[in-house]
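Structure first, then comments.
What follows is calculated from the coordinates using simple rules that are stated; it is not laboratory data. This one's a predicted model, so the numbers in the text were calculated from it and none came from an experiment. Virtual Cβ from ideal backbone geometry, glycine too; neighbours counted across all protein chains shown.
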Amino acid sequence: RPMIVYDTPWAPATEMARYGRFSYEVSAEALRVQRLKEGWKEAGYTFVSTEVGDLPVLEENLALAERARAMARSMDAPAPGTDAGALVDETSGVVAPPGFLQLWGGHLAVVAVALFLLGVVGKVFLFNDDDSWEKVG
């Protein structure tokens, strides 16, 4: 069966054809590109220039992307009332790297607590000389 594939990428559709006579008009590539761009615009798309050429993007998605960019820019800005330059060297403007304890202090605290608890368990259960426990074997 022959299949008809419409040249409308914004609304892909196919139909199966049987017992029909078809004709089509061959147009120049420039006219096809112009017709496709008009069709994209009628379907609610706008064209965005990229490195690979103009790409159709839904206008709603474009508005959402701009809103997300604005939100990201607002997250980068310092909060009002905070000292944004607390770790910044005033002469060079370079942010000081965090110290050893700032990076590993929490990890070291967890290891210290785990070793302490291991010692308590060992003292109570393993190295207890109390005869209240009956040894097997």
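For this structure, a couple of remarks:
- Table column - 3J(HN,Hα) (Hz), the range 39-51, Karplus curve with 6.51, -1.76, 1.60, x for Gly and Pro: x, 4, 5, 5, 7, x, 9, 10, 9, 10, 6, 10, 5
- R0 of 25 Å, Cβ-Cβ distance GLU66-ALA43: FRET efficiency to nearest 0.05: 0.80
- A protection proxy built from the mean count of other Cβ atoms within 10 Å ranks the segments 105-116, 39-50, most packed first, as 39-50, 105-116.
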